[in-house]
Amino acid sequence: MRIFVIFLLWLLPLGVIAQGSLPSAAEILAEAYRRARETAFTSSYVASLISKYDGEEVFSLGGSIIFWSEYPWLRIETVGLEDVFLPVEIVDLKEKVIYSYVPERGWAKHVVSGGWLSLVDLDLDPLFRRVKFSTVEEGTLEGNAVWVLKGYIPPDTFGLMRQFETTLWIDRVSYVGRKTEIYFEFYFPGLDFTTTNELVMELTSYEEVDDVPDERFAVPDEVPEAPDTAGRIFPYPAPELRAVATSGEEISLADFREQVVVVFFWDMEAEIADFGVNLALMEGLRSRGEGKGLVVIGVVEGDPEIVGAFLEGFEAGMPTITDRASWAEALGVEEATFCVLVDSEGNVYAKTDPFSVLPLVLELVEE
């Protein structure tokens with residue numbers, strides 16, 4: 001999920017299209033960003049997300065988000081959004097660090113990378129910097145004068161993000177974001193289905209303050225580092241791994257430098273029980289990424305001949321190795337089905353499930 005990043009769209013500057021005598025979206029967002037940095041404030045939002053397939057709801061959530069901001073510190077607390085957010089996050093925007101608190105696990109420290117760099121500047125976000133604003137208009141929202149910004153993301157080279165449209169309502173006096181609406185269609189290759197998704201975030205309260213109490217940003221002196229947050233981990237060099245695939249060819253991560261690599265760990269019994277859903281998804285991604293800077297490598301435990309026959313039965317062409325134990329240990333994978341994403345510079349970028357890896361791939365493979 002990218003809700004937090006999406007929410008910040010109204011705060012941060014993007015390259016956009018100017019609209020006659022009206023200020024451009026870039027100018028409006030830059031002013032909102034400047035004021036947010038220079039003002040201590042608290043604000044609250046309500047958020048809802050509905051995901052549908054073939055007209056039927058498959059996923060939904062709704063809840064509230066409370067912010068305390070005094071640059072470079074930001075505190076976020078959420079209610080009802082456990083599938084997307086950690087309950088408490090404290091962000092040091094200057095040092096690019098996130099501290100999170102989960103009652104049953106305590107505090108953890110995360111180094112900001114990937115899409116989370118948008119906390120510092122949205123132009124650094126590999127996916128959302130692609131948003132193009134097509135119109136800027138004057139309007140009103142619940143009696144408040146607002147700028148209405150409408151934008152879109154062009155379709156990607158893999159055909160995953162089929163449609164992406166966003167509308168932002170930004171107060172023309174305070175430059176506070178009052179509402180965000182996003183609609184996007186996401187295609188799952190191999191499984192051949194598309195979900196439609198609608199996100200709405202609305203401002204419920206906003207107050208400027210002289211300063212935010214220091215305890216809002218307080219974290220323990222010693223906080224253990226955590227390798228991941230919301231599907232991302234800070235990049236570190238991938239280990240040198242080499243093995244022989246079921247096809248007889250030798251596979252090495254180093255051979256795919258300058259390409260994005262998805263290392264797909266899977267389990268044969270689980271795939272049989274699930275009708276090969278994850279395998280089909282990753283094979284669909286592999287075929288769409290062929291020749292476009294993306295490689296998918298399968299990793300499984302089993303006899304190479306049996307695995308090879310199993311893959312042939314599924315018409316899966318991904319190179320697959322059966323040296324699971326050593327690759328899983330080297331990449332820190334304990335789950336039966338999991339993906340490790342390696343960027344084009346040979347760094348481990350993220351570890352997540354096969355479905356969540358799709359939007360992360362779009363972050364790394366540029367048009």
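Each value in this text was obtained by applying a stated rule to the coordinates, not by laboratory testing. Model, not experiment: these values are computed from the prediction. Every residue, glycine as well, gets a Cβ built from its backbone with ideal geometry; the counts of neighbours run over all protein chains shown.
Which one of L294, P304, A336 has its Cα pushed farthest toward the positive end of the charge dipole of the chain, where Lys and Arg give +1 and Asp and Glu give -1 at the Cβ? The one lying farthest along the dipole's positive direction is L294. Of the GluC sites (Glu not before Pro) in the range 296-348, the ones in a loop by DSSP (not H, G, I, E or B) with at most 13 other beta carbons within 10 Å are E315, E334, E335, E345.
Nearest 5 percent is fine: what portion of the DSSP beta bridges confined to the chain is antiparallel? Bridges in the chain are about 90 percent antiparallel. May I ask for the net charge around G298, where only other residues with Cβ less than 12 Å from the Cβ of G298 are counted and Lys, Arg are +1 while Asp, Glu are -1? Here the count lands on -3. Here the chain is treated with +1 on each Lys and Arg Cβ and -1 on each Asp and Glu Cβ, and its dipole about the Cα centre works out to around 1140 debye. Exposure here means at most 11 other Cβ atoms within 10 Å; with trypsin sites (Lys or Arg not before Pro) in a DSSP loop as sites, the longest stretch of the chain lacking them is 106-367.
Can you find, among L191, F41, V223, the residue sitting farthest towards the positive end of the charge dipole of the chain, where Lys and Arg contribute +1 and Asp and Glu -1 at Cβ? Selected residue: F41. Straight-line reach from K351: taking Cα to Cα under 22 Å and skipping same-chain neighbours fewer than 8 places apart, the lysines in range are K96, K109, K292. Which value in nm describes the separation of the simple spin-label points at E249 and D83, placed 7 Å from the Cα toward the beta carbon? It is 3.8 nm.
With coordinates expressed along the principal axes, the C-alpha atoms belonging to the range 127-231 extend over 51, 46, 21 Å, beginning with the largest. Other residues whose C-beta falls under 9 angstrom from the C-beta of A336 contribute a net charge of -4, scoring Lys and Arg +1 and Asp and Glu -1. Once the Cβ-Cβ distance of R257 and S287 is raised to the sixth power relative to R0 = 25 Å, the FRET efficiency obtained is 0.70.
Taken along the Cα-to-beta-carbon direction at a fixed 7 Å, the label points for E198 and K150 span 1.6 nm. By the rule of a C-alpha distance below 16 Å, with chain neighbours fewer than 8 residues away ignored, the lysines paired with K179 are K150. Kindly identify the range 236-364 as rounded, prolate or oblate by the Cα gyration tensor criterion: order the square roots of the eigenvalues as a ≥ b ≥ c, call it rounded if a/c is under 1.5, otherwise compare a/b with b/c, prolate if a/b is larger, else oblate. In terms of gyration-tensor shape, rounded. For the range 236-364, a crude dipole built from +1 on the beta carbon of Lys and Arg and -1 on the beta carbon of Asp and Glu, taken about the Cα centre, is about 420 debye to the nearest 20. Taking every C-alpha pair closer than 8 Å and separated by at least 6 residues, the mean separation divided by the residue count of the chain gives a relative contact order of 15 percent. Under 8 Å for C-alpha pairs, at least 6 residues apart: give me the relative contact order for the range 236-364, rounded to a whole percent. Relative contact order here is 35 percent.
Helix 25-38 and the long axis of the chain differ in direction by around 80°, with both axes built from C-alpha atoms. Only DSSP H runs of four or more residues enter the estimate; each adds -39500 (n - 2.57), and after division by the residues of the chain the mean residue ellipticity at 222 nm equals -5000 deg cm²/dmol. Here the 3J(HN,Hα) profile of the range 203-215, calculated from phi with Karplus coefficients 6.51, -1.76 and 1.60 at θ = phi - 60°, is 6, 10, 7, 8, 8, 7, 10, 5, 6, 8, x, 4, 5 Hz, Gly and Pro shown as x. Under the combined filter of DSSP loop state and at most 14 neighbouring Cβ atoms within 10 Å, the range 61-94 retains these GluC sites (Glu not before Pro): E82.
Inter-label distance, Q163 to V58: 1.7 nm, where each label sits 7 Å from its Cα along the C-beta direction. Quick one: Cα centre-to-centre distance for the range 245-279 and the range 289-367, in angstrom? Taking the Cα centre of the range 289-367 as reference, the centre of the range 245-279 is 4 Å away. A Förster radius of 51 Å, combined with the Cβ-Cβ distance separating E315 from D210, puts the computed FRET efficiency at roughly 0.20. Just name one of I272, S205, Q259: the one whose Cα is farthest towards the positive end of the charge dipole of the range 135-275 (beta-carbon charges, Lys/Arg +1, Asp/Glu -1). Farthest towards the positive pole: Q259.
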